[in-house]
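The values are calculated or read from the model by the stated rules, or taken from the named source; none is laboratory data. All of these numbers come straight from a predicted model, not from anything done at the bench. Note that we place each Cβ from the backbone using ideal geometry, even for glycine, and neighbour counts take in every protein chain shown.
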Amino acid sequence: MTTRDRLRMHLVQALTRSDSPDVREHIQAALCEWENLPPTPLVECPVCGRVGLPERIVCHDCDAE
Ligand SMILES: [Zn+2]
């Protein structure tokens, strides 16, 4: 799950758990902004050259380690 996915999940859960119309309005607006986010850019591992999502590259099993 990417950072974007987690962000959206938290917003959706906040939306479903709020009884306040004011709060729901702000969360709806936040979800609309989320839709406008640019796609997560891919990064390249400086060691092995593998390309992927930033969190995947940070965590991956690098052959050169
Ligand atoms: Zn690597």
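Residue under question is Ile27, and the condition is that it be of a type in the set (A, V, I, L, M), within 16 Å of the ligand (Cβ to nearest atom) and surrounded by 13 or more Cβ atoms within 10 Å (Cβ to Cβ); does it hold?
Working: of a type in the set (A, V, I, L, M): yes; within 16 Å of the ligand (Cβ to nearest atom): no; surrounded by 13 or more Cβ atoms within 10 Å (Cβ to Cβ): yes.
So Ile27 fails the test.
Taking the stretch 30-39 only, how many residues are loosely packed, with under 13 Cβ neighbours inside 10 Å and of a type in the set (A, V, I, L, M, F, W, C)?
Of the residues in the stretch 30-39, the ones loosely packed, with under 13 Cβ neighbours inside 10 Å are 32-33, 35-39.
Still in the list and also of a type in the set (A, V, I, L, M, F, W, C): 32, 37.
Number satisfying all stated conditions: 2.
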Find all pairs meeting these conditions: Cβ atoms under 6 angstrom apart; at least six residues apart or on different chains; first residue within the stretch 41-65 and closer than 24 Å to Asp5 by Cβ and of a type outside the set (Lys, Arg); second residue modelled with pLDDT under 90 and assigned to a helix (DSSP H, G or I).
Val43/Pro54; Val43/Ile57; Cys45/Ile57
Name the single residue that is nearest to the ligand (Cβ to nearest atom) among those in the stretch 40-65 being among the β-branched types (Val, Ile, Thr) and surrounded by 13 or more Cβ atoms within 10 Å (Cβ to Cβ).
Ile57
All positions within the stretch 20-57 that are in contact with a strand residue (DSSP E or B) (Cβ under 9 Å, 6 or more places away or on another chain) and not charged (D, E, K, R)
Leu42, Val43, Cys45, Val51, Gly52, Leu53, Pro54, Ile57
